[in-house]
Every structure is written in C-alpha cells, then in structure tokens.
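Inspection log for the structure reproduced underneath, given as structure tokens.
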Amino acid sequence: REQQTASLKIMSYNIRHGQGLDMVLDLSRAAGVIKAQSPDICGLQEVDHFCLRSDSIDQTTYLAEKTEMKGTFGKFMDYQGGEYGMATLAAKPVISTKVLQLPDGRFEPRTSIVHEIEVAKGCTIVFANVHFDWVAGSEGSANRLNQAQALVRYVDSLNRATIITGDFNCTPDSPTMQYFAEQG
C-alpha cells in the first residue's frame, strides 16, 4: 500500500455574527480574515442564518462565496426570525454532516457540527466544530465537561482520526481540556 502525505490547515473563528469588537456589523471583515489565512477547513461559531440583527442574510453562504469554499450551517436554536448556530467552511470534499445534540448549556441549547471530510484521496477524517457553554463558575465547568464527554462518545463511535475545534469557552488547564487530553 502506498503511503501519502497531505498538509492540512485548520482554522477556528468565532465571528460574533459579523459584529467586530468595535461593535460594527461587517461580515466582509470576517471573510477577509478567513481568505487571508486560506485554511482547508474552518470552523465558525456564532453564525446567523437569516437573523434580524445581521440583516437577515445567510452568513454561511455569504462567507462560502467570499472564501471560495463549501459552507455548511448547523443550527442550535431559532433566533430573531432565523436560526443561530455554527458553520464549517471546507476547501476539501465534505462526505457527511451531522448536527449532534449536546447537553444543553444554562441559557442556550448546544450542538456540534460533525463532518467526515476527505483530506486526501482515500483518506477521510472527522472534523468536529463546537461552541461550548459560556457560563462561568462550577456550573459552566460541569456543563462544558458534559458537552465534551457527549462529543467524544460520538466521535469515538466513528473510529476515524478526528480534529475537534471551536470555541471551548475554557482555559487549557480546565477540566474540559484536561478531559480532551486524557482521551487523546
């Protein structure tokens, strides 16, 4: 069997529905950042899908067109006349997509958008994009750990090399990140 090597550039970006830290809503800036980095796969968090606060546009399609990638949206809740969730942009072929329900956060439902992506001929990986609960303190820590455990149970069942990225809402020394390290 012939061995092959493929390089893969991964990016994760919480786009805050296109609103910058200066509070200006301008999704073209997020598109510019992504295009400048030129990732093969990009996990996006805080993506609006036809929500009033972001001019009722399909942000995933907009970003996919501007970055010349394929975009997939995964909802975790209805919001302002549309949907709110995460998206993945991929320059590699997406084989399958699943929006995996995770244990809810305190104020919002939580999901992971999980893809099987062909990164090279005959080589498929799992790419999971998450946005874990943002609540502080022990409650938030317990919620994030529960969400991580549910995700790991699912991706382990797929029995493939896996990349998990996203907005974990925790620090490297947190119980959630320690759990990921222990699970390999």
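The values are calculated or read from the model by the stated rules, or taken from the named source; none is laboratory data. The shown structure was predicted, so the numbers you read here are calculated from the model rather than taken from an experiment. Neighbour counts run over all protein chains shown; Cβ positions are idealised from the backbone, glycine included. For accessibility, only protein heavy atoms count, side chains too; no ligands or nucleic acids. Shrake-Rupley method; radii C 1.70, N 1.55, O 1.52, S 1.80 Å.
Taking the conditions (1) aliphatic (A, V, I, L, M); (2) in contact with a His (Cβ under 7 Å, 6 or more places away or on another chain); (3) surrounded by fewer than 16 Cβ atoms within 10 Å (Cβ to Cβ) in turn, Val94 satisfies each one other than (3). Please determine, by comparing only the residues of region 152-184 that are assigned to a helix (DSSP H, G or I) and acidic (Asp, Glu), which one is farthest from the chain's Cα centre (by Cα). Restricting to residues being assigned to a helix (DSSP H, G or I) and acidic (Asp, Glu), the top hit is Glu182. Only one of the listed residues (Arg106, Arg29, Arg53) is in a loop (DSSP other than H, G, I, E, B) and either open to solvent by 50 Å² or more (accessible area, probe 1.4 Å) or at pLDDT 95 or above (or both). That residue is Arg106.
None of Tyr84, Tyr13 is touching a Lys or Arg at 6+ places or on another chain (Cβ under 9 Å), among the hydroxyl-bearing types (Ser, Thr, Tyr) and closer than 28 Å to Ala150 by Cβ except Tyr84. On the given criteria, is Gly82 closer than 15 Å to Glu46 by Cα, among the small types (Gly, Ala, Ser) and more than 17 Å from the chain's Cα centre (by Cα)? Taking the combined requirement at face value, the residue satisfies it. Taken over region 112-131, the criterion of being touching a Gly at 6+ places or on another chain (Cβ under 8 Å) and more than 16 Å from Ile163 (Cα to Cα) is satisfied by no residue.
Whenever a residue of region 117-132 is on the phi < 0 side of the Ramachandran plot and part of a strand (DSSP E or B), its partners that are loosely packed, with under 14 Cβ neighbours inside 10 Å and small (Gly, Ala, Ser), lying with C-beta atoms within less than 8 angstrom and at least six residues away or across chains, give the pairs Val119/Ala6; Ala120/Ala6; Cys123/Ala6; Ile125/Ala161; Val126/Ala161. Can you pull out every residue in region 123-162 that is surrounded by 18 or more Cβ atoms within 10 Å (Cβ to Cβ), of a type in the set (A, V, I, L, M) and closer than 25 Å to Lys92 by Cα? Residues satisfying the conditions are Ile125, Val126, Ala128, Val130, Leu151, Val152, Val155.
Which of the residues spanning region 59-76 are under 22 Å from Gln101 (Cα atoms), surrounded by fewer than 21 Cβ atoms within 10 Å (Cβ to Cβ) and either among the small types (Gly, Ala, Ser) or in contact with a Gly (Cβ under 9 Å, 6 or more places away or on another chain) (or both)?
Lys75
Taking the listed residues Lys9, Lys66, the one that is in contact with a helix residue (DSSP H, G or I) (Cβ under 7 Å, 6 or more places away or on another chain) and either more than 15 Å from Met86 (Cβ to Cβ) or in contact (Cβ under 8 Å) with a residue 60 or more places away in the chain (or both) is Lys66, with no other qualifying. Residue check: Ser138 meets all listed conditions (1) farther than 26 Å from Thr5 by Cβ; (2) in contact with a strand residue (DSSP E or B) (Cβ under 6 Å, 6 or more places away or on another chain) but one, namely (2). Quick check on Ala36: is it closer than 30 Å to Gly122 by Cα, in a loop (DSSP other than H, G, I, E, B) and of a type in the set (A, V, I, L, M)? Criteria not met by Ala36.
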